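**Q** Can you keep this structure in mind? I'll have questions shortly.
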Amino acid sequence: MEMENINTIRSLFPALDRKVYGKNLVYLDNAATSQRLQAVVDKWNEISLKSNANIHRAVHRLAEEATMAYEESREAVREYINATSTKEIVFTSGATASINLVAFCFGEAYVHPGDEVIVSEAEHHSNIVSWQLMCIRKQAVLKVLPVDDRGCLMLDKLEELCTSRTRIVAVTHISNVLGIVNPVKEIVRICHSKGIPVLVDGAQGIVHQRVDVQDLDCDFYAFSGHKIYAAAGTGVLYAKEKYLQEMPPYMGGGEMVGTVTFSRTTYAELPLKFEAGTPNFAGGATLKPAVEFMKRIENQLVEENSSEIVAYMMKELEADPRIHIFGRPEDLSVKIPLFSFVVEGVHHEDLALILDKMGVAVRSGHMCAEPLMTRFGVTGMLRASFAPYNTLEEAEYFIASLHKAIAMLA
């Protein structure tokens, strides 16, 4: 099917046809989770109903089918992000699990008392708390790369933050609050010039940028399946093989072992070394149709639609003096269609509740980025985040609904 218009894309997502409180659903909480592709639901059902068996172990037909579907997804992900080998593609339950895996295993292998880890001020809690836990365990120091008033990383501060004790830099590709594409390739270049590896939290980045891990040259890249239209409970950790070979495993159990005795255990070949236990094999199989869809929508139509929404939303939000937007780069080409803001005199949750009654689904709160809220002096924000299946007409309906909600509350 050719993606000749946005309605063609929308037709592939059954949930977009539903009504909420008698209104057509306008789903603008995509930064939290995307809606499911029909092809993803079909694959889930196929595995769950016809090929429901533990993978990699048994020799019977059902196990063979489930294993093949799971490993086909791994190859599809490898090809999509241009990893050199499927050995570098570890399947997890999501970006959070991927980051925690690296924080624990990297910490065990390379971090010692007095060493340093750098994160940015714009990080999701997943890329803060996991490193805090590691720093507490290893008696290391967590340092923070700040953002400026527009929400852009203060890249000029990075070199002075890096020292001979810096062991890793962990930074988001795109903030789930600010919606700004960070210069991760330049961050990697700076860090690598000092011998420092880089982890990129790609939970939002994989959605809005075509990621080539070899071109980025990042050492780790983490993302979730549920944000790219696959099943929930699925995730990916890309890691350079060198680190996966040297890091100890995160969990022990079945699947990740070579041989086990009471005196010694050897580990399975990569990537199974980091995939202990029965995996979410039905969910994992849905990553293949999800990334196939991602490739199909890489076209001028989708790019133009996104750019129109960004331009329209920024213009409309900035026109109202009561609204304060966070994530306002001078160059809108690095702004994705994600908009976080507060309205003077109105609580963000009250706005979200009224918008819900109008059929508009948005996010309110601190978006799992409480330090960033503190940086901007707020307790929470309202966020509208768009996906390729959202239309300019939905953006216009959101703005009209927002003005109505403000009028009711102000």
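The values are calculated or read from the model by the stated rules, or taken from the named source; none is laboratory data. Just so it is clear, the structure is predicted and the values come from calculations on it, not from any experiment. Virtual Cβ from ideal backbone geometry, glycine too; neighbours counted across all protein chains shown. Note: areas computed on protein heavy atoms with side chains; ligands, DNA, RNA excluded. Shrake-Rupley method; radii C 1.70, N 1.55, O 1.52, S 1.80 Å.
Table: residues versus (1) modelled with pLDDT under 95; (2) among the aliphatic types (A, V, I, L, M).
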site	(1), (2)
Arg210	yes, no
Phe223	no, no
His226	no, no
Tyr229	no, no
Val236	no, yes
Ala239	no, yes
Gly254	yes, no
Val257	yes, yes
Glu275	no, no
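**Q** Can you list the helices (runs of 4 or more DSSP H) lying wholly within region 341-410 that have 3 or more residues being over 22 Å from the mean Cα position of the chain (by Cα), surrounded by 16 or more Cβ atoms within 10 Å (Cβ to Cβ) and not polar (S, T, N, Q)?
**A** So the answer is 348-357, 392-409.
**Q** Being touching a residue at least 60 places away in the same chain (Cβ under 8 Å) and either in contact with a strand residue (DSSP E or B) (Cβ under 6 Å, 6 or more places away or on another chain) or within 21 Å of Ser175 (Cβ to Cβ) (or both) is true for just one of Tyr267, Tyr238. Which residue is that?
**A** After ruling out the rest, the residue left standing is Tyr238.
**Q** Among the residues of region 322-332, are any of a type outside the set (Asp, Glu), touching a strand residue (DSSP E or B) at 6+ places or on another chain (Cβ under 6 Å), open to solvent by less than 20 Å² (accessible area, probe 1.4 Å) and in a loop (DSSP other than H, G, I, E, B)?
**A** Yes, region 322-332 contains a residue that is of a type outside the set (Asp, Glu), touching a strand residue (DSSP E or B) at 6+ places or on another chain (Cβ under 6 Å), open to solvent by less than 20 Å² (accessible area, probe 1.4 Å) and in a loop (DSSP other than H, G, I, E, B).
**Q** On the basis of being in contact (Cβ under 8 Å) with a residue 60 or more places away in the chain, among the small types (Gly, Ala, Ser) and either buried (at least 19 other Cβ atoms within 10 Å of the Cβ) or not in a helix (DSSP H, G or I) (or both), does Gly233 make the cut?
**A** In short, yes.
**Q** Can you pull out the residues in region 28-61 that are surrounded by fewer than 21 Cβ atoms within 10 Å (Cβ to Cβ), assigned to a helix (DSSP H, G or I) and among the aliphatic types (A, V, I, L, M)?
**A** Across region 28-61, the qualifying residues are Ala39, Val41, Leu49.
**Q** Mind listing just one residue for me: the one in region 236-266 that is farther than 30 Å from Val291 by Cα and touching a Ser or Thr at 6+ places or on another chain (Cβ under 9 Å) and, of those, most open to solvent (accessible area, probe 1.4 Å)?
**A** Filtering first and then ranking leaves Val260.
**Q** Something else: Say whether the condition of being part of a helix (DSSP H, G or I), touching a Lys or Arg at 6+ places or on another chain (Cβ under 6 Å), of a type outside the set (Gly, Ala, Ser) and farther than 27 Å from Glu318 by Cβ is met by at least one residue in region 176-188.
**A** Within region 176-188, none of the residues are part of a helix (DSSP H, G or I), touching a Lys or Arg at 6+ places or on another chain (Cβ under 6 Å), of a type outside the set (Gly, Ala, Ser) and farther than 27 Å from Glu318 by Cβ.
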